[in-house]
Amino acid sequence: MNDQVELPINVEPGAVPAIRVRHLWHRFGRFDVLRDVSFDVAQGQIFGFIGPNGAGKTTTIRILSTLLEPMAGLVEVLGYDVTIDTDAVRRQVGYMPDHAGVYERVTVREYLEFFADAYRVPTAGTTYAVVDAAMELTDLTRLCDKLVATMSKGMKQRLQLARVLLHDPKILILDEPASDLDPRARIEIRDLLQELRSMGKTIFLSSHILTELADVVDAVAILERGQVIVAGPISEIAQRLSDRQSVTSPIDPLTNTNVPAPEPTRTVKLRVLAAQNVVTQVLIALPFVRSVTPGAMGTLIVTFVGDDHAIAAMVQSLAQGGLSVVGVEPERNELERIFLEATRGELQ
Amino acid sequence: MNAGVAPTVRSRLGLLGAFIRDPNAIWIREMRQSARAGRTPWLIFAATLLVSLTVCSLGGIVVSAHVSPAKVGLALSQVFFSLAWSVVALVGPVVAANSVAAEREGRTWEAILLTGMTPSEIARGKFVAAYTTIALYIAGLAPIAAVPFLFGGTTATEVILGFALLMLLAALAVAFGLAVSSMVSSLRAALVVTLLLSVLFSPILFSTFGFGFAAIAHKAWPDVPILPVWLPLAYTRAPFGIAYLVFLMAAPLTSIAIPAWFFYELTVANLSGTADDRSTGLKRWFVVAAIATTSFLVVAVLLVDRTDIDGAYGLVATMLFTFTLFAAFLFADEPLVASKRVRTHWARRRRTALTRWFGPGLGRTTTLVILITHASFTTLAAAALLRCMPYPGASQKALLSIVSFTGYGLGFSTFVTGLNSFLRSRNSSAWGVRIITIAVSMAIALLPWAVAAIAGVITQQDRAIAIAAPSFTFAPVVLSVRKAYTILPAIACFTGWWFIGLVLALFGARRARTAIAEQANMAAQLDASLAHASPPRAE
């Protein structure tokens, strides 16, 4: 068992988690794809499942959606064991695989009606109210008589999403839903996910695009080489990371003694309406600022020690010097920072 | 109205009503897709045109030879149904092969699985869709069947029976294509395999069941001509009786229904997950097929002339041996034990011990195959003994045939079943098991003959042939030589194979029991670790 696993802390005691994974192992041939994976996903969350290629994300997702039987461990979806209660799990889950195919020679409505029939969704005669509702939600109503073959990738992705909504699942498992999509389609999918969360759906989302995940997810699990190396709400993981950095002292291999730990630094991008050398002089005079370098499009990249209060102090100093600050943004978003630090092995 | 009949009729109408009111979703979707494909009508048109031109050309050639119109009509009818059979035999499997493999390759398969449709529902939908397509091809060819009526020589009943037969063969062809399609994940592989097998086996089956069986039918009923499409002619020309019922009704229906059922069960098993029950359907089929095959062979033995019993028994015993060997290979991918999912479902649905015995599990499957093999060979041997006993002149040769063929058939089938079980209990790959068993079987069949040939050349003695006794192909030699130096080694060898087979099966069963214990132990350990595991930890 992996003692270092960080389990999410956002599932209330006594509440049935949407997804519960304990000591999950899976092997392909002689290769352990998943090694003692454990995490929880609370109901109503958007949960990001991230990790490098080959980390075991898709294997975990296939197990969650009952397409693969785990070799060891316990995996429950709303309290149903995926190994035993396959049918019950399938009723609760809508799974959209990565690069899934669609039937090309049918119209959007026919495609959805087929799946509504396959899911045994109740219909009133030939009227498929649920199909209309799914098309409306995914903004496909105007395309209902269009052949699937003639649709763009983004529209096909919407169609897939409409398909997994037909049986009104409580949990949506989406594997790379925004891959291969253009920026507009990505934004539309992201907005759709937020709308689905507002409807009470739990969304388990696997993606490589961290900037987009950061905008929507409540909690994440980072998987590397088949192991969960960190899991939980983003803010708490970030806090844990900085706490660890501040208390951990590396050991000098020559003297075998603790050496002072390097200062945990952060970086912020500032855009100020003034000459860069003037701004640099003001900032470098602050005790917590370590360096100021010019960035792209007239920005300055400031490396500093401290938290958000330090950023506020920088802005205040510039304002007191009569310099107008028009933009402040972190050089990397929080999720990217967590991912980079976690997958560097700092938590292992 | 008969009170006992009414509910049956109602239930039949109910089934039909359910089919119309709630048609299989896959069937409807595939028909919609086919309607938009555009190529189906063109293919039907091309096939119809080709068959029409061939039939008319042949008609012209035959007429120019000044043959009587009745003979021309009969010849054209035979040519038409032979061509139609070729179309069904080639197009049917290919159309069906397209179905599941295309879903897998197009990455739409998982979406269907997750809808909760059962593998049997999916298989039925795919079957009906492919069958509808092939039925359209047959319907497209129907007008050409009217051409022979211009000449006479064939009746409307015979043509209708010919089409009924075509529809039955189409069901078999589609079931075969679907089974192949369910085994492979690539559309190209599915098409190549089905086309290759169809091209290879179609002429063999056409010759065997056409000309071959027509000759036998002609011997039994001289009015039936030796023509390839003889069955529709036999229905109208053979006198009605027990032989008519057995050989013209029961036998054709069984010989189409049993393979079609097998292909269906194979498809359902291949569409099911590895943790699902993939065994029960195939085991049920095996038991029924074994009973049907044995019954048919017993009837054949009982009807054969007493003077021919030795040769006839060799033939029927070889047929039974082929069937039991096939069963041994069929169950080579049996799991060691039933999965947790299957065992839980059994417990929840309170399945009886008999139902569970027909479920997955290496030990119980090996036992079933060995029991059925023994029962089949024993029944066949008993029937043959019953047939030849009142005829003392033939009894010695017949007895030798019965002992030799039963011994080798039973002994080697048991050996192969035991070897499969033993290897399966130590190897996770079913195909690995099959390949090793085939290699061992081939070696046992051929190597003793090679050694015997070398020994014969060196010693220059007839007795050297006894070295080939371990080979199961030695059975006919026992019958032809009829000397102690062939009989005794043969008895020793087939008894040896039988005994080794049983020992290997026992080892396999013991390994399976160990696996069950290990699985239970692992489950207990996991339960214990979950019980003691702390809940998700807060910082």
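Readers should treat all values here as calculations from the given coordinates under stated rules, not as data from a laboratory. The structure presented is a predicted model; accordingly, all values stated were derived computationally and were not measured. Cβ coordinates were reconstructed from backbone atoms using ideal geometry, including for glycine residues, and neighbour counts include every protein chain displayed.
When the Cα atoms of segment B:158-254 are enclosed in a convex hull and the volume is divided per residue, what value in Å³ results?
Residue-normalised Cα hull volume stands at 92 Å³.
Going by Cα centres, segment A:16-63 and segment B:231-263 are how many Å apart?
Between the Cα centre of segment A:16-63 and that of segment B:231-263, the gap is 57 Å.
Considering only A:LYS269, A:LYS156, A:LYS170, give the residue with the highest GNM mean-square fluctuation for chain A, with springs between Cα atoms whenever their separation is below 10 Å.
Residue with maximal mean-square fluctuation among A:LYS269, A:LYS156, A:LYS170: A:LYS269.
B:GLY152's amide H: which non-local residues (gap 5+, or another chain) put their own amide H closer than 5 Å, with H modeled 1.01 Å from N in plane and none for Pro or chain starts?
Under 5 Å from the amide H of B:GLY152 lies no amide H from a residue far enough along the sequence or on another chain.
Quick one: if the Förster radius is 22 Å, what FRET efficiency do A:GLU104 and A:ASP182 give, using the C-beta to C-beta distance and rounding to 0.05?
0.60
Along the charge dipole of segment B:14-238, pointing to its positive end and built from +1/-1 on Cβ of Lys, Arg, Asp and Glu, which listed residue (B:SER68, B:TYR137, B:LEU169) has its Cα farthest out?
After comparing all options, I get B:TYR137.
Using 1/(1 + (r/R0)^6) with R0 = 45 angstrom and r between the beta carbons of B:LEU354 and B:ILE216, what's the FRET efficiency to the nearest 0.05?
0.70
Angle check, please: helix A:234-247 long axis (alpha carbons) against the longest principal axis of chain A (alpha carbons), in degrees 0 to 90, nearest 10.
Rounded to the nearest ten degrees, it is 40.
With axes computed from alpha carbons, what is the tilt in degrees of helix A:308-320 against the longest principal axis of chain A, rounded to the nearest 10 within 0 to 90?
Roughly 60 degrees between the two axes.
Under the rule of at least 5 residues apart or a separate chain, name every residue whose amide H is placed under 5 Å from the amide H of A:LEU172.
Result for A:LEU172 returns A:GLY94, A:THR202, A:ILE203, A:PHE204.
Under a point-charge model restricted to the Cβ atoms of Lys and Arg (+1) and Asp and Glu (-1), what is the dipole moment magnitude of segment B:14-238 relative to its Cα centre, in debye to the nearest 20?
200
Give the aspartates and glutamates whose C-alpha is closer than 20 Å to that of B:LYS71, dropping any in the same chain fewer than 8 places away, or say none.
Once the sequence-local aspartates and glutamates are set aside, what remains near B:LYS71 is B:GLU158, B:ASP223.
Describe numerically, in nm with one decimal, the distance between label points set 7 Å from Cα along Cα→Cβ at B:ALA524 and at B:THR208.
The answer from the label model is 5.2 nm.
If the limit is 25 Å between Cα atoms, which of A:LYS146/A:LYS201; A:LYS170/B:LYS126; A:LYS156/A:LYS201; A:LYS153/A:LYS269 go over it?
Over 25 Å Cα-Cα: A:LYS146/A:LYS201; A:LYS170/B:LYS126; A:LYS153/A:LYS269.
Which whole number gives the average, over all residues in A:97-104, of C-beta atoms from other chains lying within 10 Å of the residue C-beta?
Counting Cβ atoms of other protein chains within 10 Å of each residue's Cβ and averaging gives 5.
Would you kindly derive the ³J(HN,Hα) couplings of segment B:164-172 from the backbone phi angles with the Karplus curve 6.51 cos²θ - 1.76 cosθ + 1.60 (θ = phi - 60°), listing them in order in whole Hz, with x for Gly and Pro?
Listing the rounded values in order: 4, 5, 4, 5, 5, 5, 4, 4, 5 Hz.
Dipole of the protein assembly as shown, Cα-centred, from +1 at each Lys and Arg C-beta and -1 at each Asp and Glu C-beta, to the nearest 20 debye?
Once rounded to the nearest 20, the dipole reads 2960 debye.
What is the average number of partner chain Cβ atoms found within 10 Å of a Cβ in B:23-33?
Mean partner shielding for this stretch: 4.
What are the ³J(HN,Hα) couplings of segment B:191-206, residue after residue, when phi is run through the Karplus curve with 6.51, -1.76, 1.60 and θ = phi - 60°? Round to Hz, x for glycine and proline.
Residue by residue, segment B:191-206 yields 5, 5, 5, 5, 5, 4, 5, 5, 5, 5, 8, 4, x, 5, 5, 5 Hz.
Fully extended, how many nm does the chain gain between A:GLN281 and A:LYS153 (0.36 nm per residue separation, minus their Cα-Cα distance)?
That works out to 41.0 nm of additional length.
Just want to confirm a number: the relative contact order over segment B:399-502, from Cα pairs under 8 angstrom separated by 6+ residues, in percent.
44
Mind jotting down the three principal axis lengths of segment B:14-238 based on Cα atoms? Whole angstrom, largest first.
The Cα atoms of segment B:14-238 stretch 64, 40, 37 Å along their principal axes.
When only C-alpha pairs under 8 Å and at least 6 residues apart count, what is the relative contact order of segment B:37-143, in percent?
Result for segment B:37-143 is 39 percent.
Give me a comma-separated list of calculated 3J(HN,Hα) values for segment B:248-256, in order, Karplus coefficients 6.51, -1.76, 1.60 applied at θ = phi - 60°, integers in Hz, x for any Gly or Pro.
9, 10, 5, 4, x, 5, 5, 6, 9
Report, in whole Å, the centroid distance computed from the Cα atoms of segment B:114-177 and segment B:211-227.
Computed from Cα coordinates, the inter-centre distance equals 25 Å.
Can you compute the charge dipole magnitude of chain A about its Cα centre, using +1 on each Lys and Arg Cβ and -1 on each Asp and Glu Cβ, nothing else charged? Give it in debye, rounded to the nearest 20.
Dipole of chain A, to the nearest 20 debye: 520 debye.
Report the per residue volume, in Å³, of the convex hull enclosing the C-alpha atoms of the protein assembly as shown.
About 272 Å³ per residue, rounded to a whole number.
Which of A:TYR111, B:TYR408, A:ILE234 sits closest to the plus end of the dipole of the protein assembly as shown, meaning its Cα is farthest towards the positive end, when Lys and Arg get +1 and Asp and Glu get -1 on the C-beta?
Working it through, the farthest residue towards the positive pole turns out to be B:TYR408.
Just to confirm my numbers, what's the Cα centroid distance between segment B:424-481 and segment A:151-215 in Å?
Their Cα centres are 63 Å away from one another.
How big is the equivalent ellipsoid of chain B along its three axes, where each semi-axis is √(5λ) from the Cα gyration tensor, reported in whole Å from largest to smallest?
Listed largest to smallest, the semi-axes of chain B are 42, 39, 22 Å.
With contacts defined as alpha carbon pairs under 8 Å and 6 or more residues apart, what's the relative contact order of segment B:14-238 in percent?
Worked out over segment B:14-238, it gives 28 percent.
What is the sum of charges around B:LYS219, taking Lys and Arg as +1, Asp and Glu as -1, for the other residues whose C-beta is under 15 Å from the C-beta of B:LYS219?
-2
Once you wrap a convex hull around the alpha carbon atoms of chain A, what is its projected area averaged over all directions, in nm²?
Projected over every direction and averaged, the Cα hull of chain A covers 23.3 nm².
Using a Gaussian network model of chain A with C-alpha springs under 10 Å, which one of A:HIS167, A:HIS23, A:HIS309 is most mobile by mean-square fluctuation?
A:HIS309
Tell me what the protein assembly as shown gives for mean residue ellipticity at 222 nm when only DSSP H runs of n ≥ 4 count, each as -39,500 (n - 2.57), the sum divided by the residue total, rounded to 500 deg cm²/dmol.
-20000 deg cm²/dmol, from helical runs alone.
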